[in-house]
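Step one of this worksheet: look at the structure below.
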Amino acid sequence: MFWILVFSYWIHLLSTVVWFGSLVLMGLAAWPARQKGVVADNSWLTLQKRLTPWANVSLILLLITGFVQMTNDANYSGFLTIDGVWAWAMLVKHVAFALLAAVTVYLQFSLYPAMDRLALLAEKRPKLAQTEQTRLSQREKQYLGLNLACAALILLCTAVATAV
């Protein structure tokens, strides 16, 4: 069991770096560059398409390895047994993870396809497309910010649970 936990922690840490790194890149590095016009829309879309599979795989690995680690932790008393600081930290962490996953699904399967469709609209009705692009870009910025906030909360809860 020792080596399973070691492997689980290792994969968990690697996945955290990839997942959080992609969020930071999109939210704190690429987004301001895009707003300044340094990153073109097509480069932004290419960046999103390259990072998305890595982030998705990382989230799945985090879920699996986190389950292995949590169920083997001495503080774990059972499903939804909230009996201390560690349990509260884990509950808040999992709620934040669920919110982050829901926002990620929305971005990937609703917002980003809508942004892709704008290219077709821009050919026929450029003024309407520009208005819609502004609205969708603002929504994307809000959701990227929410994802970063959830990620920061997840890391804070991890720190609390580790310190207990």
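Details
- Test: residue in region 49-61 that is aliphatic (A, V, I, L, M), at pLDDT 90 or above, exposed (fewer than 14 other Cβ atoms within 10 Å of the Cβ) and within 12 Å of the chain's Cα centre (by Cα): yes
- Checked across region 81-91, the condition of being closer than 20 Å to residue 52 by Cα, surrounded by 11 or more Cβ atoms within 10 Å (Cβ to Cβ) and under 18 Å from the mean Cα position of the chain (by Cα) holds for no residue.
- The single condition among (1) at pLDDT below 90; (2) acidic (Asp, Glu); (3) over 22 Å from residue 22 (Cβ atoms) that residue 83 does not satisfy is (1).
- Selection count where residues are hydrophobic (A, V, I, L, M, F, W, C) and in contact with a Ser or Thr (Cβ under 8 Å, 6 or more places away or on another chain), scope region 65-88: 2
- Applying the criterion of being of a type in the set (Lys, Arg) and either over 12 Å from residue 154 (Cα atoms) or modelled with pLDDT under 85 (or both) to the residues of region 92-130, the residue that is nearest to the chain's Cα centre (by Cα) is 117.
- Taking the criterion of being more than 27 Å from residue 49 (Cα to Cα) and among the polar types (S, T, N, Q), the residues of region 62-80 that qualify are 69, 71, 72, 75, 77.
- Of note, residue 28 does not satisfy the criterion of being closer than 22 Å to residue 109 by Cβ, in contact with a Leu (Cβ under 8 Å, 6 or more places away or on another chain) and of a type outside the set (Gly, Ala, Ser).
- In a residue-by-residue description of region 94-103, the property of being buried (at least 17 other Cβ atoms within 10 Å of the Cβ) and either farther than 20 Å from residue 26 by Cα or without any contact (Cβ under 8 Å) to a residue 40 or more places away in the chain (or both) applies to no position.
Matching residues to (1) of a type outside the set (Phe, Trp, Tyr); (2) in contact with a Phe, Trp or Tyr (Cβ under 7 Å, 6 or more places away or on another chain):
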| position | (1), (2) |
| --- | --- |
| 2 | no, no |
| 16 | yes, no |
| 33 | yes, no |
| 70 | yes, yes |
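- Taking every residue in region 125-145 that is free of Cβ contacts under 8 Å to residues at least 24 places away in the same chain and in a helix (DSSP H, G or I) and pairing it with any residue that is small (Gly, Ala, Ser) and surrounded by 14 or more Cβ atoms within 10 Å (Cβ to Cβ), at least 6 positions away or on another chain, the pairs with Cβ-Cβ distances below 6 Å are 129/122.
- Taken together, 18, 38 contain a single residue that is at pLDDT 90 or above and of a type in the set (A, V, I, L, M, F, W, C), which is 18.
The values are calculated or read from the model by the stated rules, or taken from the named source; none is laboratory data. Keep in mind it's a predicted model, so treat the numbers as computed, not measured. Neighbour counts are summed over all protein chains in view; Cβ atoms, including those assigned to glycine, are modelled from backbone coordinates with ideal geometry.
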